[in-house]
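The values are calculated or read from the model by the stated rules, or taken from the named source; none is laboratory data. As the structure is a prediction and not an experimental result, all values here were calculated from the model. With ideal geometry, Cβ positions are generated from the backbone for all residues, glycine too; neighbour counts draw on all protein chains shown. To get the accessible areas, we keep the full protein, side chains included, count just its heavy atoms, and leave off ligands, DNA and RNA. Shrake-Rupley method; radii C 1.70, N 1.55, O 1.52, S 1.80 Å.
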Amino acid sequence: MSELIPRIEGAVVLVGVDFGLPHFDGELEELGLLAQTAGLQPVARLACKRKAPDAALFVGSGKADEIRELAELHRASEVVFDQSLSPAQQRNLERQLGIAVYDRTFLILEIFAQRARSHEGKLQVELARLQYLSTRLVRRWSHLERQTGGAGVRGGPGEKQIELDRRMISESIKRTRERLAKVQRQRGTQRRQRERRDTFNISLVGYTNAGKSSLFNALVKARAYAADQLFATLDTTTRQLYLGDARRKVSISDTVGFIRDLPHGLIDAFKATLQEAVDADLLLHVVDASNPHHPEQMAEVQAVLKEIDADVVPQLLVFNKLDALESAQQPLHLEDEIEVDGLLVTRIFLSAHTGEGLPALRAELAQRSHSVPDDMPLEGGAELHEATD
């Protein structure tokens, strides 16, 4: 039946399963934004509850039939799950639904592949994609099932070809790691040069679409790409920021945004990019104050910072998008202190769009950086792109 229905290319059904976790997005709002960022068009959404994932189909056979009917009704060509699927679950679902099935991890990898611009960024994405693909050979290479072993041939159908494909991917992973290590050594040289000059290093971190790049542009009057979408910026860009109150220049870096359930493969592959946060003297943790889920987003950022050993770096909270807050949500004071992981952290409300609150942020940065001498400016002009093209 499903083969007779003309599908709409790029039309997807979004599926989320509530296992009782506190961060479950019942409206699948973030998954929808991820799908749109990847160039897909959500046409239907389905959320359901389970105590535990079904080993074969993740959602169970009855719910899988419901998803198939929903996809047929809306002529969807793909289904995207808000959780990670095992290779077996993904393969079984595709057979049951008759269309392509992807998970949240694949969607994020696709977005990163589309957005990476620097040589290092592309290598990092390629490594993560290869690692993801290596676990799904049994699904991606279904044509191998047609191969049969003859008399005296040990093993099941297509065993030799599968082993060959595994070896090819393994070799590609090895080559990509070697190329990435070379680029990372170059980045390390740049970082050591900054350290020898006793430069005060600031890194912008935060949940994706919190306005980090907009704040970066507002502070250094740059033209880094910024847009109201997830993962608008993937490659780290570093520039000098002159702080008049301190009469010195500091180094400020815009890094990739974080997101809930960021694939571990991407955390490993982007270790060099996130290393900017580890080596910083100060983290500007940018928060979208207008997002009702910002407390959960802050917790996700803190979790990733802890995973990369950057949770010990001093933080300054920047609650951005002040102009987007309703009058009843406006803060009584533009600067205060709140508790983050048991520590009191200074918080500044501002709008990178209108400029409100920026003078207070500059004054705070000047005070924080005053204790570090600035012997000489960075070489190579006002801008340093950390990734080597």
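Miscellaneous remarks
- Any hit, region 186-209, residues being at pLDDT 80 or above, surrounded by 13 or more Cβ atoms within 10 Å (Cβ to Cβ), among the small types (Gly, Ala, Ser) and touching a Phe, Trp or Tyr at 6+ places or on another chain (Cβ under 8 Å): yes
- Hits in region 227-286 (condition: at pLDDT 75 or above and small (Gly, Ala, Ser)): Gly244, Ala246, Ser251, Ser253, Gly257, Ala277, Ala280
- Among the numbered conditions (1) at positive phi; (2) open to solvent by less than 50 Å² (accessible area, probe 1.4 Å); (3) touching a residue at least 24 places away in the same chain (Cβ under 8 Å), the only one that Gly60 does not meet is (3).
- Cβ-Cβ contacts under 7 Å between residues 6 or more apart (or on different chains), taken from a first residue in region 284-305 that is within 26 Å of Ser369 (Cα to Cα) and assigned to a helix (DSSP H, G or I) to a second residue that is open to solvent by 30 Å² or more (accessible area, probe 1.4 Å) and modelled with pLDDT under 95, are listed as Gln302/Asp311; Gln302/Asp341; Leu305/Asp311.
- Residue check, Val318 open to solvent by less than 50 Å² (accessible area, probe 1.4 Å) and within 14 Å of Lys212 (Cα to Cα): yes
- Residues that are part of a helix (DSSP H, G or I) and free of Cβ contacts under 8 Å to residues at least 40 places away in the same chain, drawn from region 89-106: Gln89, Asn92, Leu93, Arg95, Gln96, Phe106
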